[in-house]
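Participant: Questions regarding the structure given below will be posed in turn.
The numbers here are math on the coordinates, done by the rules we state, and not lab data. Fair warning: this is a prediction, and the values are worked out from it, not measured in the lab. Cβ placement follows ideal geometry from the backbone for every residue including glycine, while neighbour counts extend to all protein chains displayed.
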Amino acid sequence: MKQFINQWLKNNLKGDPLIWAIMLVLAILSILAVYSASSALAYRKMHGNTEYYLAKHSLLMLSSLGVMWAAHQIDYRYYAGLSKLALWVSVPLLFLTWCYGVTLNEASRWLTIPGINKAFQPSDLAQLALIASLANRLAKQQHNIGNWKTTLIPMLTWCIIICGLIALTNLSAALLLFFICMLLMYIGRVPIKYLAILTTIGLVAGATAMYVGQRGKTALSRIKAFTQNELPFQTEQAYIAMATGGLYGKGPGNSQQRNFLPHPYSDFIYAILVEEYGLVGGLVVMLLYLALLYRGIHNVAQCRLAYGGLLAAGLSFALVLQAMVNMGIAVGLGPVTGIPLPFVSMGGTSLLFTGIAVGMILSVSRGETDKSIDGYAKQNAFRRNKHPVS
């Protein structure tokens, strides 16, 4: 039986085994934490059915693992073409979301899918598409990386359009995505002087989007409160949760602050994790994300093609930086935002698109599997301080 299981795992879960292990551990922690954090909410809203959100979240988690498996089966070079299509689709979807999306907390970030009456966030699709497309363009233009007209303007245009449209409804997510794009360009050897110019243009565009968008006043008020050391209610309750958790925590399901902390199953789930599993548990979660980043960057050094290395690096940084921002907000290192903890917070499309992103990283770790693709045949390995050879 053991031999059969090992053989099945070897045949079906390809790519970096450590990444698979990290995601499975995070999935288990997510199900336990979401069940604990949402049980009181389910009792109130679902007429005493405390397992409602457990069942819903578990199904979404299985679906996310399923799309991760499907994405890792596809040769990563196919994502270069798919990302272009996804970018063009994302623009009208983001605009429709801003104008006609489902409004929650004074921001419309969701679109309802006709027929099934389910909401999804187009910003999740747009982020994934932008990172994959940017990696593709950087890989193709390595010989001409300093050319402003043919290389930098097209990349900047897409960054401004996508990040600007996201900023209209979710400023923090847009700023984080723009930072990841700049970081990916730096890894792709774009000169520092050009990055400084691109950043300045991006900040101007971001300020404009904040003024025109839906959450500009809220963002400014939160930044002001943070700079003046005012303690928001959410942060205060998160502090209490983590302080009472101690070194080893209260144990699974024994959180008290879930009854007081707003959105304990999403934005502040890290506080619930620390309360129930202690400082040790919170540190383990952080180390899991850092290990994911390490393995993603490790794939950059091992990848034969520039596109694969840049794709793995961009997606790894996107997931881990989002996690660090979420955990940093929970411990009071920044103003309150609505950024979830990847693959742990309760959610719908965020879980599915995180699964796709990790599946793409796993696909890169597998290497090129489809010999019929020759679009990158002339690219050599992307190595630090080395230029690709034609």
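Participant: How large is the Kirkwood hydrodynamic radius of segment 127-269, in angstrom, based on all distinct alpha carbon pairs?
Facilitator: Answer for segment 127-269: a Kirkwood hydrodynamic radius of 17.8 Å.
Participant: Let me ask you something else. Under the rule of -39500 (n - 2.57) per DSSP H run of 4 or more residues, summed and divided by the residues of the chain, what mean residue ellipticity at 222 nm is obtained, to the nearest 500 deg cm²/dmol?
Facilitator: Helix contribution divided over all residues of the chain: -23000 deg cm²/dmol.
Participant: Please determine, in degrees from 0 to 90 and to the nearest 10, the orientation of helix 192-212 with respect to the longest principal axis defined by the Cα atoms of the chain, where the helix direction is its Cα long axis.
Facilitator: Between the helix axis and the principal axis of the chain, the angle is about 40 degrees.
Participant: Where in the chain lies the longest segment free of chymotrypsin sites (Phe, Trp or Tyr not before Pro) that are both loop residues by DSSP (not H, G, I, E, B) and have at most 16 other Cβ atoms within 10 Å?
Facilitator: After excluding every exposed loop site, the longest remaining stretch is 1-247.
Participant: While we're here: Once you've got the GNM for the chain with C-alpha springs shorter than 10 Å, pick whichever of L273, L341, L29 has the biggest mean-square fluctuation.
Facilitator: L29
Participant: Beyond 42 Å, what share of the Cα-Cα pairs of the chain is found? Please give it as a whole percent.
Facilitator: So the portion of pairs separated by more than 42 Å is 11 percent.
Participant: Okay, next question. Using only alpha carbon pairs under 8 Å that are at least six residues apart, calculate the relative contact order of the chain and give it in whole percent.
Facilitator: It rounds to 25 percent for the chain.
Participant: Note down the magnitude of the dipole of the chain about its Cα centre, charges +1 on Lys and Arg C-beta and -1 on Asp and Glu C-beta and zero elsewhere, to the nearest 20 debye.
Facilitator: 940
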